[in-house]
Amino acid sequence: MRYYLLSFLILVSVRVFAQQAQTENMYVHTDKALYMPGEILWFKPYVVHGETRQPLYESSVIYVELINNEGSAVLQAKVENKPGANGSIYIPQGISTGNYRFMAYTSGMKEQGLFFSRPLGVINPYAAKPAAVHPREVDFQLFPEGGTLLH
């Protein structure tokens, strides 16, 4: 009987802790995966509850960074966390060609070591020595106009 009571109390305390500690998760859509200098990187973030996947607006600010291969932030932005939030980052003319990491997080996510991360590529045709860019995500879609896809 003691064993069942102890296990019940542990189960209840774990559930109460899980409800109190709302884990934030983030998803971000970007307009594309490959950019050139002078373009604008458009993005739309979604902060959701880790368990229920319902929108969360407890954190007021979403931080966005573009990280180079050395791990340092090249570009940074802040976006207000509200319904319908979106943001943009201008890709400057002096940015180097290469593979970058798009990262987004809230202060609560940063404390827990959680980040949204996505690879992005930048090609600068004006750079003296172009480097190879290998975007890891390919977005290929077919949309038939008449509703039937032909072979």
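The values are calculated or read from the model by the stated rules, or taken from the named source; none is laboratory data. Note that the structure is a prediction, hence the values are computed from the model and not measured. When we count neighbours, we look across all protein chains shown, and the Cβ atoms used for this are built from the backbone with ideal geometry, even at glycine. When the accessible area is computed, the model is the full protein with side chains, heavy atoms only, and any ligands, DNA or RNA have been set aside. Shrake-Rupley method; radii C 1.70, N 1.55, O 1.52, S 1.80 Å.
Observations
- Taken together, the residues in the stretch 35-55 that are more than 13 Å from L66 (Cβ to Cβ), surrounded by fewer than 13 Cβ atoms within 10 Å (Cβ to Cβ) and at pLDDT 90 or above amount to 1.
- The single condition among (1) in contact with a strand residue (DSSP E or B) (Cβ under 7 Å, 6 or more places away or on another chain); (2) at pLDDT 90 or above; (3) loosely packed, with under 15 Cβ neighbours inside 10 Å that A131 does not meet is (2).
- Single residue of Y105, Y100 found to be of a type outside the set (A, V, I, L, M, F, W, C), touching a Phe, Trp or Tyr at 6+ places or on another chain (Cβ under 7 Å), open to solvent by less than 50 Å² (accessible area, probe 1.4 Å) and within 17 Å of I67 (Cα to Cα): Y105
- Tallying residues that are open to solvent by 60 Å² or more (accessible area, probe 1.4 Å) and closer than 16 Å to I40 by Cβ within the stretch 79-93 yields 3.
- Of all residues in the stretch 108-123, those that are within 14 Å of V61 (Cβ to Cβ) and surrounded by 17 or more Cβ atoms within 10 Å (Cβ to Cβ) total 1.
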